[in-house]
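Worksheet: one structure, shown below.
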Amino acid sequence: MAESNNKEHQILVGRILKKAEEIFQGVRPIIPSEWLTSDITVAQLRVLLVLYTRGPSRMSAIASCVGIAISTATSIVDNLVKKGLVIRSDDAEDRRLVICELSPEGQALINRLWMLSRGQIEKLLQGLTLEQLKKAADVAEFILSSAKTNRINNQGRAGEGDG
């Protein structure tokens, strides 16, 4: 019985992912031009997102999250500091360690990107009926609850080896 539920679960997840891909393909023509004309590289955006989600972080933690060498992370952060998007400072407890965090300009950039995305999502939702919107709101709440649970479950593992 549990195996049957697991298989059905996998099928439904696959169906949802397929629809997410179709949505992505459908919104491709309306990607905001600011995303395409930014002088931020994908690697830099990844580092900015790590700092946004984790907050102030050591270079080793950034490198680990992004899956790159510390020297590569250092080079990326150097460029972000030059652009005024990241602030680098010494760790108060160990001056040999460097702590990186988003500058106000970096925070504003991430917020702008989110607002552009939010606007696109809002346009998609405009075409739904009231009943469909209610269902979409329920689904969004389910996904948020799952995200919070996963974040709580993964926090213990995220800090491992960050000593």
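The values are calculated or read from the model by the stated rules, or taken from the named source; none is laboratory data. These numbers come from a predicted model, not from an experiment. So basically every Cβ, Gly included, is an ideal-geometry build from the backbone, and we count neighbours across all protein chains shown.
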task = Please identify the pairs in which a residue from the stretch 88-108 that is in the same structural domain as residue 50 (by TED's automatic domain parsing) has its Cβ atom under 8 Å from the Cβ atom of a residue that is acidic (Asp, Glu) and surrounded by fewer than 12 Cβ atoms within 10 Å (Cβ to Cβ), counting only partners at least 6 apart or on another chain.
result = 97/90; 98/90; 99/90
ask   = Are any residues in the stretch 24-45 at pLDDT 80 or above, in a helix (DSSP H, G or I) and exposed (fewer than 10 other Cβ atoms within 10 Å of the Cβ), and if so, which ones?
value = 42
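Residue-by-condition table, conditions (1) surrounded by 14 or more Cβ atoms within 10 Å (Cβ to Cβ); (2) in contact with a Lys or Arg (Cβ under 7 Å, 6 or more places away or on another chain); (3) outside any loop (DSSP other than H, G, I, E, B):
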residue: 47; (1), (2), (3): yes, no, yes
residue: 64; (1), (2), (3): yes, no, yes
residue: 71; (1), (2), (3): no, no, yes
residue: 81; (1), (2), (3): yes, yes, yes
residue: 93; (1), (2), (3): no, no, no
residue: 107; (1), (2), (3): yes, no, yes
residue: 111; (1), (2), (3): no, no, yes
residue: 122; (1), (2), (3): no, no, yes
residue: 132; (1), (2), (3): no, no, yes
message = I'm trying to understand the selection: among the residues of the stretch 118-150, which are under 28 Å from residue 85 (Cα atoms) and either touching a residue at least 24 places away in the same chain (Cβ under 8 Å) or touching a strand residue (DSSP E or B) at 6+ places or on another chain (Cβ under 8 Å) (or both)?
response = 119, 120
inquiry  = Exactly one of these conditions fails for residue 117: (1) part of a helix (DSSP H, G or I); (2) modelled with pLDDT under 90; (3) loosely packed, with under 14 Cβ neighbours inside 10 Å. Give me its number.
reply    = (3)
message = With the requirement that a residue be within 17 Å of residue 111 (Cα to Cα) and outside any loop (DSSP other than H, G, I, E, B), what does the stretch 49-62 give you?
response = 49, 50, 51, 52, 53, 54
